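To start, the structure itself, in structure tokens.
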Amino acid sequence: MIKQVIMMHSKPICKRLSKLFLFALCFGALCIFTACAPGDVPAAQAPTTLDLRDAGLTDVSDLLTQTQLVSLDLRGNALFAADFDALRAALPDCDILWSVPLGDARFDSNATTLSLDAVTDDLEAMLAYFPALSTVRLSSAPDSATAAALRARYSAVQFLWDVELFGLTYPESTQALDLSAAQVDLSALKSKLDQLPALKQITFGDEAYPLQDQLALAKAYPSIDFIWNVQLLEDLSVRSDITELDLQKYKVPDAAAFSDALVLFPNLTLLDMCGAGPDDDEMAAMRARYPAIKFVWYTRVSNWIIRTDIKGFSTGNRRKFPDGYGWYASSKFSYTSIRSSDFENLKYCTDLIALDVGHCTSIGDVEFLKHHPQLIYLDIALCDLTDISVLADLRELIYLNIMYNYLTDVTPLKNCPKLRFVNASNNNLTSADTFLELPVLERLWLNCSGLSDKQLAALTEKLTQQLPDITIKASQRNPEYAMSYWRKGNEGYLTVQALYGLRAQHQGTKKD
């Protein structure tokens, strides 16, 4: 029964399966045909490079949307800065070449060199559109303000032009002019100097020019060294490139006018005006105005007339100082008449390294020493001093004689580390500690110094340990007023006596 049922349905089922297979086969073929059939053709790819040279373009609006561009050549088209700026903003990754307008002409924006007839009003702004620019040659020179502005803004660009002066042509880079063979008109010259920004020196011939014209030109161009003849005094014409000048045989009637004229001597380093006329205040004003010039003149210290470049001054010399540095100008002398104020003019003596004002018992104080930090040798013995605080600023001292005063405190000497020779005898010292802090002491005199035997013994022991070669004299009974032992063989003493022009005493086998 089951078999019959199967047989009864077997034929219709097979027939149905055959139809399904045929349908599937047709459907698959259709799918394959559909997949392989040609579709829409894609649009052509937009270009990344455009060459539109000499295309007559005046409007770039259509190019602003072409953001795929990496190179765009617009040379030969009448475009302007605003057009380029718009393109640059819209196409930041695109290399754009164009013709940049300068005056009535146009130049390729990739130019490295430009040759221009003149400076146009828009030149400074438009040069920014030449990124590779290295040189600009101008047929005519710009004014100084324009030239300075161009160089300041475009420091990597060389600006060149030529300048015609008295029949000759010079490049703008000229640093030195030799006009010694030319007939020079200063007004004509001045009108051209702005066109030579690198100029440092001008040499003139033997012509004589009005002093005021020379001063005006030098003031207008302080960076230029003018080498010419200057009528410095009525009877003296001087070449302006001199380095030293001796006016001892001349008279300067007007110190202020003379000082003004010195601006014309940029190389001057030494000016000797001893006896030339101007007083201390006038000379000091010139020294302050021209710090590069060493001014020398005569000044008065009590009854001494000395040059301001004197190296050694001593009240013990009442004749002449060595090498013409000064002399005593009175027939009378008294130590007790000398006051501290009498030494005030020593402040002008900037070369002074040795000073002896010993025995001036009425001096009162030595505050004038504040003007002399350069002192190396100092003698202020027998001056009845009670305070030497000012010595703290004299750090160059190697020789110091302060004997026969009323000093109780010598701590300012701690600031004088170069001291080698110190005589502090006959004082009222309370402590010897300061001397232990002087690292190069060679000779120390403390006779009757006010220190106790115990203090002196302790000091001597410590100093000889620190400085085995030191010589110490510390007698409580021998004041050694004549200083015979202090002076004998004392290198510092021998040096100062030579500087003062005085004989060195107590150097033989016998007392002299």
Practice problem: Please state which one of LEU232, LEU245 is touching an Asp or Glu at 6+ places or on another chain (Cβ under 9 Å), closer than 24 Å to ASP279 by Cα and part of a strand (DSSP E or B). | Solution: LEU245
Practice problem: Name the single residue, out of those in the stretch 196-206 being assigned to a loop (DSSP other than H, G, I, E, B) and among the hydrophobic types (A, V, I, L, M, F, W, C), that is surrounded by the most Cβ atoms within 10 Å (Cβ to Cβ). | Solution: LEU196
Practice problem: For the stretch 294-326, enumerate the residues that are outside any strand (DSSP E or B), touching a helix residue (DSSP H, G or I) at 6+ places or on another chain (Cβ under 9 Å) and among the aromatic types (Phe, Trp, Tyr). | Solution: TRP297, PHE321
Quiz item: In the stretch 271-302, how many residues are over 22 Å from THR243 (Cα atoms) and surrounded by 18 or more Cβ atoms within 10 Å (Cβ to Cβ)?
Solution: 3
Exercise. Collect the residues in the stretch 476-502 that are at pLDDT below 95 and more than 18 Å from ALA381 (Cα to Cα), keeping them in residue-number order.
Key: GLN476, ARG477, GLY489
Quiz item: Taking GLY275, is it of a type in the set (Gly, Ala, Ser), part of a loop (DSSP other than H, G, I, E, B) and under 21 Å from GLU234 (Cα atoms)?
Solution: yes
Exercise. Could you tell me whether the stretch 336-358 includes any residue that is at pLDDT below 95 and within 22 Å of PRO412 (Cβ to Cβ)?
Key: no
Quiz item: Do you know which residues across the stretch 186-228 are over 25 Å from the mean Cα position of the chain (by Cα) and free of Cβ contacts under 8 Å to residues at least 12 places away in the same chain?
Solution: SER187, SER191, PRO210, GLN212, ALA216
Self-check item: Residue under evaluation THR120, criteria (1) closer than 30 Å to ASP194 by Cβ; (2) outside any strand (DSSP E or B); (3) in contact (Cβ under 8 Å) with a residue 24 or more places away in the chain; (4) β-branched (Val, Ile, Thr), criterion not met
Solution: (3)
Quiz item: If ALA257 satisfies every condition in (1) surrounded by fewer than 16 Cβ atoms within 10 Å (Cβ to Cβ); (2) under 28 Å from the mean Cα position of the chain (by Cα); (3) in a helix (DSSP H, G or I) but one, which is the exception?
Solution: (2)
Quiz prompt | Count of the stretch 150-159 residues which are surrounded by 14 or more Cβ atoms within 10 Å (Cβ to Cβ) and either more than 14 Å from ALA198 (Cβ to Cβ) or among the hydrophobic types (A, V, I, L, M, F, W, C) (or both) | solution = 4
Quiz item: Within the stretch 425-450, can you find the residues that are without any contact (Cβ under 8 Å) to a residue 40 or more places away in the chain, crowded, with 22+ Cβ neighbours inside 10 Å and not in a loop (DSSP other than H, G, I, E, B)?
Solution: PHE435, LEU444
Self-check item: Subset tally (residues that are over 30 Å from SER144 (Cα atoms) and surrounded by 18 or more Cβ atoms within 10 Å (Cβ to Cβ)) for the stretch 220-232
Solution: 1
Practice problem: Confirm whether VAL263 is assigned to a strand (DSSP E or B) and modelled with pLDDT of 95 or more. | Solution: no
Exercise. Provide a single number: the residues in the stretch 207-228 that are in a helix (DSSP H, G or I) and of a type in the set (D, E, K, R).
Key: 2
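The values are calculated or read from the model by the stated rules, or taken from the named source; none is laboratory data. Note that the structure is a prediction, hence the values are computed from the model and not measured. Here Cβ is always computed from backbone atoms with ideal geometry, including for glycine, and neighbour counts include all displayed protein chains.
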